[in-house]
Structure formats: structure tokens, C-alpha cells
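Have a look at the structure below before the remarks.
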Amino acid sequence: MKLTTARKKFKNTWMAFKIERKKPEVEGEVLRTAKTVDAIINFIDRKHLNDVYITFNGRIFPRGVGFFF
């Protein structure tokens, strides 16, 4: 599955994604999704997984919030 497709399919959740191919597009396998990052980290620790991409597939900040640096 393509990473872009997985991010759309599992919206507003944390996802553990195993990358299998990087070019021409990032493709791989969704290993697990969860509502909290702790659940994903516990899953990875229990399975002793390496080289897993962890991402949140949603808005980190509420709509309308901005930051100046």
C-alpha cells in the first residue's frame, strides 16, 4: 500500500508503517493503527520491531491556530 493512501484511509489515528520500497513512491505495510501514541509504542516494543515509521494522520493543531517564530 502506498503511504499516501494509508494516511488517507486511517485518518486521525497513529500508524506504524513498515517501509518496503522508497522509489518512485513510498510503499509498505500498515502494521498497526491506534488512537494514542502509547499504544503504538507498546506494540512496537512487544514485537521488537525495527525500521518502522510512526506517524499521526491528522491535524496536530486545531484549525485556525498559528505560530510565529
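The values are calculated or read from the model by the stated rules, or taken from the named source; none is laboratory data. Owing to the predicted nature of the structure, the values given are computational and were not obtained by experimental measurement. So basically every Cβ, Gly included, is an ideal-geometry build from the backbone, and we count neighbours across all protein chains shown.
Tabulated results
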read-out: Matching residues in the stretch 36-64 - criterion: being modelled with pLDDT under 85 and either touching a helix residue (DSSP H, G or I) at 6+ places or on another chain (Cβ under 8 Å) or of a type outside the set (D, E, K, R) (or both); value: N50, I60, F61, P62, G64
read-out: Boolean, A6 is free of Cβ contacts under 8 Å to residues at least 24 places away in the same chain and either among the hydroxyl-bearing types (S, T, Y) or surrounded by 12 or more Cβ atoms within 10 Å (Cβ to Cβ) (or both); value: no
read-out: Qualifying residue in the stretch 10-21 (condition: part of a loop (DSSP other than H, G, I, E, B) and among the small types (G, A, S)); value: no
read-out: From the options T13, T4, residue that is in contact with a Ser or Thr (Cβ under 8 Å, 6 or more places away or on another chain) and modelled with pLDDT of 90 or more; value: T13
read-out: The stretch 43-63, residues that are among the polar types (S, T, N, Q) and either surrounded by 12 or more Cβ atoms within 10 Å (Cβ to Cβ) or not in a loop (DSSP other than H, G, I, E, B) (or both); value: T55, N57
read-out: Among (1) exposed (fewer than 13 other Cβ atoms within 10 Å of the Cβ); (2) within 11 Å of the chain's Cα centre (by Cα) - the single one G66 does not satisfy; value: (2)
read-out: Condition broken by R32, with the remaining ones in (1) buried (at least 16 other Cβ atoms within 10 Å of the Cβ); (2) more than 15 Å from the chain's Cα centre (by Cα) satisfied; value: (2)
read-out: V26 vs. criteria within 21 Å of K2 (Cα to Cα), out of contact with any Phe, Trp or Tyr (no Cβ under 8 Å at 6 or more places or on another chain) and surrounded by 13 or more Cβ atoms within 10 Å (Cβ to Cβ); value: yes
